Amino acid sequence: MQNSARPSQLVDEAPFDLAPLRDVWYFASAGRALKRGRTIAKTILGEPLVIGRDAEGKTFALQDLCPHRGMPLSCGRFDGSELECPLHGWRFSTAGECAGIPSLAEGQRFPLSQVRVKSYPTAEVQGNIWVFLGENPIGAPPVPRASEDTDQRLFSMVETMRFRCNLDNAIISLIDPAHGPYVHDIWFWHGRRTAKDKVKLFTPSSFGFTMTSHQTSTNWRAYKLLGGKPETEILFQLPGVRIERTRAGRNLVVNMTAMTPLGDGMVEMNHIVSWTMPWLTVLQPLVKPFVRRFLGQDRDSLEKQQIGLDFARPMLLINDSDTLIKWYYRLKGEYAAARRDGREFVNPVTPRTLRWRT
Ligand code: FES
Ligand SMILES: [Fe+2]
């Protein structure tokens, strides 16, 4: 489709080519994948990171680069309090301060305080570890939570997939209602043959928007097991997190999906399913293949779409089914501008009822 042929009333004024946000929390790891005294290496937004858990259980993240001569610190030892570079043995605290240079001879003085490894804030919330890639998390979108109730005991499983794809496009796939019947046309989901007109109310919420609670459509059989009439709300929050909470009585099941830009055009998708009912845990091995199949459909579809996007970036956003995508770009643009100008973020979303057919 030619860009010049865009009917102006259908497209949005939002800038479509914003760089990935840095001043935000990105999903780094499931908490249980990182034991005390261990580290993992991970690149986020092209930044090599060593993410670790100290002997007390506290998480940290440092640039994975020795300031002496560039050796990745993740290749060295970690004793639960200090990381030791494997090349010349320089030691660093988990805050990135240089704690020792073994090659200094007796009487040689060196201002260790001038040597630092860049450190990044980390947060471990409801079993998930997040890293803040910017300088200061104050005023940033909060660390995503599966449940607002901080006392609620949650069980969870995490599925991770990596693929080559434009980050915005990966995030858009989380909120694009119209791809469902085509990409996820399988027996346990809404196929194209059962498409119906949908009417949904959306309201602004913290750094994003929420599709307000409604009765879950009856063709999702799995939720019948929960007991009680299920109510679902779906939230989207910057930088790219979708949280779907389904309540039935006192029970809660949450599907949270977070996109993390690794760099070099690679995106990592983490899907965290959390639940409050201990008995549901026994079903985990049965549920896992369905989750993987569903996510794999998104991965395959995004990778194929990227083949086309490598040639051009058509962006024709129609009302109402692409409205959420317009909102995504507006939210991202407003947040980037607010950080740049040092002012408070003002949510550009206004309450609205949207109609589409899926
Ligand atoms: S490169 Fe790390 S101590 Fe020399
Ligand atoms: Fe999808």
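Kindly indicate the residue of region 304-317 that is under 24 Å from Gln237 (Cβ atoms) and assigned to a loop (DSSP other than H, G, I, E, B) and also modelled with the lowest pLDDT among those meeting that condition.
Filtering region 304-317 for residues under 24 Å from Gln237 (Cβ atoms) gives 305, 315, 317.
Filter once more, so that each one left must be assigned to a loop (DSSP other than H, G, I, E, B): 315, 317.
Details: Met315: 80, Leu317: 88.
Of everything passing the filter in region 304-317, Met315 is modelled with the lowest pLDDT.
Within region 27-53, track down each residue that is more than 20 Å from Leu133 (Cα to Cα) and either in contact with a Ser or Thr (Cβ under 6 Å, 6 or more places away or on another chain) or among the charged types (D, E, K, R) (or both).
Arg32, Lys35, Arg36, Arg38, listed by residue number.
Just one of Ala170, Ala140 is modelled with pLDDT of 95 or more and not in a loop (DSSP other than H, G, I, E, B); which is it?
Ala170
Name the one entry in Val291, Val287 that is assigned to a helix (DSSP H, G or I), under 25 Å from Tyr182 (Cβ atoms) and more than 21 Å from the chain's Cα centre (by Cα).
That would be Val287, the only listed residue that is assigned to a helix (DSSP H, G or I), under 25 Å from Tyr182 (Cβ atoms) and more than 21 Å from the chain's Cα centre (by Cα).
Anything in region 57-81 that is crowded, with 18+ Cβ neighbours inside 10 Å and either away from ligand 1 (no atom under 13 Å from the Cβ) or within 12 Å of Thr39 (Cβ to Cβ) (or both)? List them, or say none.
Thr59, Phe60, Ala61, Leu62, Asp64, Leu73, Ser74, Gly76, Phe78, listed by residue number.
Which one of these does Pro102 not meet: (1) within 19 Å of Ile234 (Cα to Cα); (2) touching a His at 6+ places or on another chain (Cβ under 9 Å); (3) part of a loop (DSSP other than H, G, I, E, B)?
Condition (1) is where Pro102 drops out.
Count, please, the residues in region 286-340 that happen to be more than 30 Å from Thr350 (Cα to Cα), among the aliphatic types (A, V, I, L, M) and more than 15 Å from ligand 2 (Cβ to nearest atom). Give the steps one after another, and end with the answer.
Filtering region 286-340 down to residues more than 30 Å from Thr350 (Cα to Cα) leaves 286-297, 299-301, 303-312.
Those left that are additionally among the aliphatic types (A, V, I, L, M): 286-287, 291, 295, 307, 309, 312.
Retained after the next criterion (residues that are more than 15 Å from ligand 2 (Cβ to nearest atom)): 286-287, 307, 309, 312.
Summing the residues that are more than 30 Å from Thr350 (Cα to Cα), among the aliphatic types (A, V, I, L, M) and more than 15 Å from ligand 2 (Cβ to nearest atom) in region 286-340 gives 5.
Using the structure shown, decide if Ala178 is of a type in the set (A, V, I, L, M, F, W, C), in contact with a Ser or Thr (Cβ under 7 Å, 6 or more places away or on another chain), modelled with pLDDT under 90 and away from ligand 1 (no atom under 16 Å from the Cβ).
no
Would you mind finding the one in Phe110, Phe92 that is assigned by TED's automatic domain parsing to the domain that holds Lys42 and modelled with pLDDT under 95?
Only one candidate qualifies: Phe110.
Please work out which one of (1) part of a helix (DSSP H, G or I); (2) farther than 18 Å from Ala170 by Cβ is the condition Ile325 fails and give its number.
Status for Ile325: all satisfied but (2).
I need the full set of residues from region 112-125 which are more than 13 Å from Gly100 (Cβ to Cβ) and outside any strand (DSSP E or B), in order please.
Initially, region 112-125 is screened for residues more than 13 Å from Gly100 (Cβ to Cβ), giving 114, 116-125.
Passing the criteria: Gln114, Val117, Lys118, Pro121.
The values are calculated or read from the model by the stated rules, or taken from the named source; none is laboratory data. Treat the numbers as computed from the prediction; the structure is a model and nothing was measured. Virtual Cβ from ideal backbone geometry, glycine too; neighbours counted across all protein chains shown.
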